[in-house]
Every structure is written in structure tokens, then in C-alpha cells.
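Step one of this worksheet: look at the structure below.
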């Protein structure tokens, strides 16, 4: 998918297929290769079973890497400064950048050989662990010890989207897989929804605070994306699940829990 494609809405009942259409412009595509670190804006991406990926290398995809500590995954909730680590895509992996730190190359060709097991939201999952030089870089910058970077390999047993948050409405299927995402391999958000939310916040937030993969504009009204049952982007039909009460971080890594009762991500 690429900027400028159309998002459509489809609804079904038992007797007939009723079609209504919401046209929106895809303004941005964002891939977050390392969970809870900064995202990378791209001009084009492909949809894979694990989320958005680079057309040139599908292994360079969304939430494919994760930082762990003492056998548990870490996010901005535990280490807010993670928000200031900026990855860049290079042909064989990532280049990590952070203020006052040397750049660090992260390779997927070849990938790390050591495979470890750890917990991601209390679910056991595997990762390929990078070496001591990567751990030292993370520990030095983030000010925490025993940090490790892991990479999700396609051979690993996946978590299923439908099992992650049973209380949240979802149309997740048995085939909907997760790498290191929370609940869904794709997140869609409209600019109009965030603009409306900001009317009720003392400190305005950006679309980036909600870490969407697909940012759309010109929806019919704020939160219209939350009512979609299906989104069609190009030839792909994406199914909906809803999230609210999201965590947001500013550009300096400060984390605040937003009261977002009126805001819902459209998770695809």
C-alpha cells in the first residue's frame, strides 16, 4: 500500500451485503521496527502477516525487534527514554541513533544465533538475542542494566491476536498473527480524531503519540475510523478491533497516560 490509496467501509448482514463508503486519504505510513522506539516514515510499504514491511526486504517490518530486561519485554511504560531512540533502515537491518551516542548497526543478515525465551505480556515467546555490544549500547543510553535486544524470526511460534485482549471487541481470526505488537499487526488512526481529542486535553498531543502505522485524513467525522467493520486499502481487506485509553510519550521521552475515553484506535 502507498500514500493516496482509498479506505472503504463495508458492512454485511445475513441477507445481503450493504456497502457504504468512507473515502479518506492515506497521509502517512509509519513502521516501528523496535517496539516502543521511534518510528520510520516510509513512502511505500507492503502488508505482511506481521504488519507493514519494506518492499525491498520483508524482514524489515513493524515491531520485529524488542528490548527486554530480566526475561520480560520493556516498553516506554518502564523506560520512557526509549522514545528517543531513532532507528533507520539500512539494506541488511537497522542503524540505531540516539543523542550523544555513536550510531549502532543492527544486522538481520546474518541474524543472531542465540535464541532465548522471555515473557511478552505474560506469554512465553522466543527471540534471537543480539550480542554484548548491543546490550552495552542500550544500557549506556537508557541508564538501565541487563537490557538486551531481540529479533523475531519467522520460524518462532507466534502469539495470536485473538488471544491477547479477549475483552476488547475484535474480528481477529485464527490466522491473525503477531510479532512483538500488543494486539494487532496494523494500527490506523485519523488526523480528525486526534484534533477532536485535543479539544479536551490541557496539553495537545500529536498523531505520533498513538503510534499508528497508517494515518488517514478527510474522514467524514472524528472517530469515523472506529466504526469501520472492514477497511479496504488497494486490494487488501483489513478487519477491525478497538483500543482506547492509550499511552503517549512526548519527543523527550516523558510518558503520560491519556484519558482517551473519546478516542479509539482502529486496529487492523
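The values are calculated or read from the model by the stated rules, or taken from the named source; none is laboratory data. All values derive from a computational prediction rather than experimental measurement. As a convention, Cβ positions derive from the backbone with ideal geometry for all residues, glycine included, and neighbour counts pool all protein chains shown.
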* Considering the stretch 57-74 alone, what residues qualify as being assigned to a loop (DSSP other than H, G, I, E, B) and without any contact (Cβ under 8 Å) to a residue 60 or more places away in the chain? -> 71
* Give the residue that is modelled with the lowest pLDDT, with candidates limited to residues of the stretch 122-174 that are touching a helix residue (DSSP H, G or I) at 6+ places or on another chain (Cβ under 8 Å), more than 24 Å from residue 87 (Cα to Cα) and part of a loop (DSSP other than H, G, I, E, B). => 172
* Asked: Looking at the stretch 118-144, which of its residues are exposed (fewer than 11 other Cβ atoms within 10 Å of the Cβ) and at negative phi?
  -> 132, 133
* To do: Give the residues of the stretch 175-229 that are in a helix (DSSP H, G or I), at pLDDT below 85 and more than 21 Å from the chain's Cα centre (by Cα), sorted by residue number.
  => none
* **Filter result for the condition that a residue is over 19 Å from residue 212 (Cβ atoms) and either under 14 Å from the mean Cα position of the chain (by Cα) or buried (at least 21 other Cβ atoms within 10 Å of the Cβ) (or both), over 40, 67** => 67
* For residue 84, are the conditions met, namely being in contact (Cβ under 8 Å) with a residue 24 or more places away in the chain and either surrounded by 17 or more Cβ atoms within 10 Å (Cβ to Cβ) or over 14 Å from residue 180 (Cβ atoms) (or both)? -> yes
* Asked: For residue 53, are the conditions met, namely being at pLDDT below 90, closer than 21 Å to residue 216 by Cβ, in contact with a strand residue (DSSP E or B) (Cβ under 6 Å, 6 or more places away or on another chain) and surrounded by 20 or more Cβ atoms within 10 Å (Cβ to Cβ)?
  -> no
